Amino acid sequence: MKVYSIAHPYIDRADIRGVVAVMKSGALSLGSKYLDFEQAIAKFTKVKYACAVVNGTAGLHLAVRSLGLSEGDEVITTPLSFISSTTCLLFERIKPVFVDIEEKTFTLDADKIEGAITTKTKAILPVHLFGRSANMPAIMRLARHFKLKVIEDACESMGTKIDGRHTGTFGDVGVIAFYPNKQMTTAEGGIVITNQKKIYELCRSLRNQGRNSKDEWLVHERLGYNYRMNELNASLGVTQLKKLSWMIKEKQQIVRFYNQTLSGIPDLELPFHNEETKYSWFVYLVRVTNGKRDLVIDELAKRKIQAKPYFPVIHLQPFIKEKFDFKKGDFPTAEKIASQGLALPFYIGLSQKDIKYICFQLKAVLASL
Ligand SMILES: *Cc1c(COP(=O)(O)O)cnc(C)c1O
């Protein structure tokens, strides 16, 4: 029986050749590849500056530090996300203030932001979840009005645009990630993008042990980290980016085929897709609305089809729930989506036959429960 994993990176010969060439060159860190990668990303996303780092979480941490946010500040963010969009605040003892999400897009509900703003609020941190853009026009209007900074977690939305403009480029600073399940990969990796020189220079220094702008090896101007992306990862990034537009189209095709095959099934809601926005899809997530999502996952696993509950809400993660005294029901829409969301296998190489098979099994499971 064929095994269907939830995600799988698309690696071709150009990727492999590139990495092998770096290995042979002996320049494994701080060579020219990470600079090439930064330039290529800046050009692709149309920003002035890009700073490549070890992973998306490190990028978010640098974004937070580079805006000068610190202990006692509050940042408004979403409870439905991967944990990093909140932990990057906790690293600096900043208080995450959650606001519930829109049911259609699963992203921060801009209408609810104003009610959460206090005198301590310094920034908004929207997440472009699953490749869907958050409502950036509305969020930027609020940010300008209340003089707040904006950090965009674009770790799941590489290639998604709003009116021709890339997610991650609306706010002061944006972060994209390249873990193997993302739209493109560097194995592990992330990048901070910005149009502000000051933010870029701070990120560069913080990434490189707090070294100064001339990268003098033994001069440390501030408390920094080693968040540098190595040359092997950067090489993979360069070759992956070259096929990103093609990979995005392939994924859109898979989404279309899933949508066609799964339409009209009771207890199953398909992802909202505004045709005017050409999403760069991160996962294909349906909603199981009969309360039996976890049973569906178990049954699919028996049929060698991996499906996942993306994501559990952040405010109910054990250590966060305890620290901030959150309880079930605090953010009902996020909790509802978290309890219904079912991510299905989604990667380049899934044929129409594979998708038909997965959908057939899903239908059979739903009918049997
Ligand atoms: C992937 C991801 C990140 C970064 O994760 P890393 O594993 O550190 O690269 C951050 N935020 C979200 C929403 C993500 O999905």
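The values are calculated or read from the model by the stated rules, or taken from the named source; none is laboratory data. Quick caveat, the model's predicted, so the values are computed rather than measured. Don't worry about glycine lacking a Cβ; one is built from the backbone with ideal geometry, like all the others, and counts go over all protein chains shown. Keep in mind that these areas ignore ligands, DNA and RNA; they rest on the heavy atoms of the full protein, side chains included. Shrake-Rupley method; radii C 1.70, N 1.55, O 1.52, S 1.80 Å.
On alpha-carbon atoms, Rg over Rh for segment 87-136 using Kirkwood Rh?
0.98
About its Cα centre, what dipole magnitude does segment 1-49 give when the only charges are +1 on Lys and Arg Cβ and -1 on Asp and Glu Cβ, stated in debye to the nearest 20? Intermediate results must be reported in sequence, preceding the final value.
Values: 8 positive and 4 negative charges, 18 e Å.
Taking the Cα centre of segment 1-49 as origin, the dipole is about 80 debye.
In terms of Cα to Cα distance under 16 Å, which lysines are near enough to K243, apart from those fewer than 8 places away along the same chain?
K43, K182, K251
Calculate, for the chain, the solvent-accessible area per residue in square angstrom, rolling a 1.4 angstrom probe over the heavy atoms of the protein chains.
For the chain, the solvent-accessible area averages 45 Å² per residue.
For K112, go through the aspartates and glutamates and keep the ones whose alpha-carbon is under 18 Å away, minus same-chain ones fewer than eight residues off.
E74, D100, E102, E103, E152, D330, E335
With a 10 Å cut-off between alpha carbons and a GNM built on the chain, which of V192, V313, V173 moves the most?
The residue with the greatest mean-square fluctuation here is V313.
Considering only the other residues whose Cβ falls under 12 Å of the Cβ of F91, what net charge follows from Lys and Arg at +1 and Asp and Glu at -1?
In short, 0.
Please list, short to long, the whole-number percent of alpha-carbon pairs of segment 186-330 in consecutive 10 angstrom bins beginning at zero.
Each 10 Å bin holds this share of Cα pairs: 9, 20, 25, 27, 15, 4, 0.
If we restrict to alpha carbons, what Rg and Dmax does segment 1-64 come to, in Å?
Rg and Dmax of segment 1-64, Cα atoms, are 15.6, 49 Å.
Quick check: at a probe of 1.4 Å, how many percent of the accessible area of segment 58-124 sits on carbon and sulfur atoms? Walk me through the numbers before you get to the answer.
Details: 1110 of 2340 Å².
Its accessible area is 47 percent carbon and sulfur atoms.
Accessible surface of D325 in the full protein assembly, 1.4 angstrom probe, to the nearest 10 Å²?
Result for D325: roughly 130 Å² accessible.
Would you mind checking K95/K328; K48/K214; K242/K353 for any pair whose Cα atoms are more than 23 angstrom apart?
Over 23 Å Cα-Cα: K242/K353.
Mind putting together the pair-distance distribution for segment 50-209? All Cα pairs, 5 Å bins, whole percent per bin, short to long.
2, 10, 21, 24, 23, 14, 5, 1, 0
Under a Cβ-Cβ cut-off of 15 Å, what is the net charge of the residues other than T261 that fall near it, where Lys and Arg count +1 and Asp and Glu count -1?
+2
Could you pull the Rg and Dmax for segment 279-369, using just the Cα atoms, both in Å?
15.3, 48
Under unit Cβ charges (Lys, Arg +1; Asp, Glu -1), what dipole magnitude, rounded to 20 debye, does the chain have relative to its Cα centre?
Using only the charged Cβ atoms, the result is roughly 780 debye.
Would you kindly enumerate the cysteines in the chain that have no other Cys beta-carbon under 4.7 Å from their beta-carbon?
So, C88, C155, C359.
If you take every DSSP beta bridge fully contained in the chain, what fraction is antiparallel? Give it as a percent rounded to 5.
Of the beta bridges lying entirely in the chain, close to 60 percent run antiparallel.
Considering the options F331, G168, T289, tell which one lies farthest towards the positive end of the dipole of the chain, charges being +1 on Lys and Arg and -1 on Asp and Glu at the Cβ, about the Cα centre.
G168
For segment 72-128 and segment 243-309, what is the separation of their C-alpha centers, rounded to whole Å?
26 Å
Along the principal axes of its C-alpha atoms, what lengths does the chain span, in descending order and rounded to whole Å?
Computed over the chain, the largest-to-smallest principal extents equal 66, 54, 37 Å.
Write out the GluC sites (Glu not before Pro) in segment 1-91 meeting two conditions: DSSP loop, and at most 11 other Cβ atoms within 10 Å of their Cβ. Write down the numbers at each step before the final one.
Numbers: sites: E38, E71, E74; in loops: E71.
Answer by residue number: E71.
If each DSSP helix of 4+ residues adds -39,500 (n - 2.57) and the sum is divided by the residues in the chain, what number results at 222 nm, nearest 500 deg cm²/dmol?
-11500 deg cm²/dmol
Can you sort E114, E152 by 1.4 Å-probe accessible area, starting with the largest? List each step's numbers first, then the result.
On the way: E114 105, E152 0 Å².
The ordering from most to least exposed comes out as E114, E152.
Please identify, among K242, K48, K353, the residue showing maximal mean-square fluctuation in a Gaussian network model of the chain using a 10 angstrom Cα cutoff.
Fluctuation is largest for K353.
What residue among K24, K95, K328 has the largest mean-square fluctuation in a Gaussian network model of the chain, using Cα springs under 10 Å?
Highest fluctuation of the listed residues: K24.
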